[in-house]
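Computed from the coordinates by the stated procedures, all read-outs in this text should not be read as laboratory data. Remember, predicted model here, so these are calculated numbers, not experimental data. Reconstructed Cβ throughout: ideal geometry from the backbone, glycine too, with neighbour counts over all protein chains shown.
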Amino acid sequence: MRLPPLAVIIRALYTFSKFSRPRAYQRPSKNPTLKSMPSFPLFGSLFSSSASASKMSHPDERTPDEWRAVLSKEQFRILREKGTEPAGSGKYDKHLPSEGVYTCAGCNAPLYKANHKFKSGCGWPAYFDSIPGAVTRHEDNTWGMARTEIVCSNCGGHLGHVFKGEGFPTPTDERHCVNSISLNFSPEDKPGQTNDKPESKA
Ligand SMILES: [Zn+2]
């Protein structure tokens, strides 16, 4: 027999590859679940995005304690800590008035008009547009998704996210997906309500 047995060849190859492999690849993973995640940097952005958002300045700047004093626990969790209410749970999900205005539940700034609202079937109030300047967008890369967060321009309160190009038959093909908890509704659509209060503290 001129060739060595197959087992010998395999063992030789295995031994060779074991010692020639770069050291970094041999290190056993301490946390195998992290390895299987599609986007590792999301953990970094989880904190960086909230950090950058909290550095944003808004006309209505209150401390967390000041917000706690005026908001319910659930309002605080969603508006100030960027939470999300469960789908289908909000009081404005299926609310489709013919007129009126939706205001920020934190600072009362008018955000959306009744005629911006449409039926999306997604489980949260949906608007195809906002009152000009009332809503500010931020890139949000938490949870491994590239989304656009929307906040109240006056107080920075978290409203939800905006999605584009979903094919809804609206003038903008955008869906502002907003937590009901972040909103109040006023049936009166007063003229002059479309701007932020000029006397808000700096
Ligand atoms: Zn606000």
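Looking at the stretch 137-159 only, could you name the residues that are on the phi > 0 side of the Ramachandran plot and within 15 Å of the ligand (Cβ to nearest atom)? Listed by number, the list holds a single entry, 156. The residue that is farthest from residue 181 (Cα to Cα), among those in the stretch 77-106 that are out of contact with any Ser or Thr (no Cβ under 9 Å at 6 or more places or on another chain), within 16 Å of the ligand (Cβ to nearest atom) and of a type in the set (D, E, K, R), is 80.
For the residues 109, 126, 134, the requirement of being among the small types (Gly, Ala, Ser), more than 13 Å from the ligand (Cβ to nearest atom) and crowded, with 21+ Cβ neighbours inside 10 Å singles out 126. Selection of first residues in the stretch 85-105 that are under 22 Å from residue 132 (Cα atoms) and of second residues that are in a loop (DSSP other than H, G, I, E, B) and charged (D, E, K, R), restricted to Cβ pairs under 6 Å at least 6 apart or on distinct chains, gives the following pairs, ordered by first then second residue: 99/189; 100/189; 101/189. No other residue among 163, 168 is more than 15 Å from the ligand (Cβ to nearest atom) and assigned to a loop (DSSP other than H, G, I, E, B) apart from 168.
Listed by first and then second residue, the pairs with beta-carbon distance under 7 Å, at least 6 apart or on different chains, first residue in the stretch 130-158 and under 19 Å from residue 117 (Cβ atoms) and part of a loop (DSSP other than H, G, I, E, B), second of a type outside the set (Phe, Trp, Tyr) and away from the ligand (no atom under 13 Å from the Cβ), are 130/116; 130/176; 131/113; 131/194.
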